Ligand code: SF4
């Protein structure tokens, strides 16, 4: 009897990793998935909060993929270990703060460790040659295989025919003829294969698999480090960068202003860690203040809070400022006219 070989699949929740895993299942391989949680994942976050995204399904696409495939999914938290990948990427960043090449190397390496511990034979990813400018180029794909330590135990079923045969192909665990030779940014071959397999309603992320590829998010992250004078972050920081309008009127503090009810509710959970403000004379946003404002800053902060309330046209708006020690200050202020909200304050 031939031994059934086992592969661990990196499952991002996107179409490519779904297809790659399915191609392996078609060949009788036992597949289990791993989804790494870095804290920056796009999965079900802001569209679970914001009204404008309410039509998007509020689901975890990695779990959805596993369910479609009928495989086990292991969700692994790598938030702490990932910090070094993001802060010190050997291969640098992509167009924003995305360290895609180091990220891929790290994830494949973690998958390899997992595979070795659990007695799995090889690793599969949904990578396609030429699809992404940094980690999925013909010259960088071998770098991922080499630097992750996976070497030729890393198989990319969707573009394997464009790459040298890997161990699973050479050993006959998988049939190379039934793998694919996709390349480039054209998504049509993947869509056709999805149709063939009967997959509908799959996620189609526009940029990448995480917020680090998002220009606005990357800008806020860099601003956070600049404001703190050091490049570090905690989980709360990266969650808060996904929510609200971020305004930095001075280098030593910034405001996070909720834009709608969902964000308001989300920020409520963080209010006790921050100085926070809200208007009491008119409906308005919850505002978190991150930093160390001086006494002289409080009036401006209250006026900005009033400007984003429904009292923005009123002569005076009452604003409560709550401090983390439980003390409270109430100010009656004139809302800051929009023209005085400086463009350079907007992060
Ligand atoms: S988009 Fe994000 S999660 Fe995906 S490879 Fe790049 S850095 Fe990693």
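What follows draws every value from the coordinates through simple rules; no lab data is involved. Just so it is clear, the model here is predicted, and its values are computed rather than measured. All Cβ positions, glycine included, derive from the backbone under ideal geometry; neighbour counts span all protein chains shown.
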Query raised in the report: Hey, got the Cα dimensions of the chain along the principal axes, in Å, largest first?
Result: 81, 38, 34
Query raised in the report: Remind me, relative contact order of the chain in percent, using alpha carbon pairs under 8 angstrom and six or more residues apart?
Result: 14 percent
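Label the range 18-128 by shape, choosing from rounded, prolate and oblate, from the square roots a ≥ b ≥ c of the eigenvalues of the Cα gyration tensor; if a/c is under 1.5 it is rounded, and otherwise prolate applies when a/b is larger than b/c, oblate when it is not. It would help to have the intermediate numbers written out before the result.
Numbers: a/c = 1.95, a/b = 1.09, b/c = 1.79.
Verdict is oblate for the range 18-128.
Fewest to most neighbouring Cβ within 10 Å: what's the order for 134, 191?
Numbers: 134 20, 191 15.
In increasing order of surrounding Cβ atoms, one gets 191, 134.
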Query - Pair-distance profile P(r), taking every C-alpha pair of the range 6-211, with 5 angstrom steps and integer % - result: 1, 7, 16, 21, 22, 18, 10, 4, 1, 0, 0
Report summary line: Short to long, in 5 Å steps from zero, the percent of alpha-carbon pairs of the range 243-345 per bin is 2, 14, 26, 28, 21, 8, 1
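If neighbour count is taken as other Cβ atoms inside 10 Å, put 233, 308 in order from fewest to most. All intermediate terms of the calculation are to be shown ahead of the outcome.
On the way: 233 18, 308 21.
So the ranking, lowest neighbour count to highest, is 233, 308.
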Query raised in the report: What is the packing order of peptides 106-119, 279-292, 150-163, taking the mean over residues of other C-beta atoms within 10 Å and listing the highest first?
Result: 150-163, 279-292, 106-119
Report task. For each of 347, 319, count neighbouring Cβ atoms within 10 Å of the residue's Cβ, then give the residues from fewest to most. Result -> 347, 319
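Of the DSSP beta bridges with both residues in the chain, give the percent that are antiparallel, rounding to the nearest 5.
Details: 24 of 41 bridges.
DSSP beta bridges in the chain are roughly 60 percent antiparallel.
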Query raised in the report: With no solvent and one point per C-alpha, what does the Debye sum give as log10 I(q)/I(0) for the range 87-188 at q = 0.12, 0.15, 0.17 Å⁻¹?
Result: -0.39, -0.61, -0.77
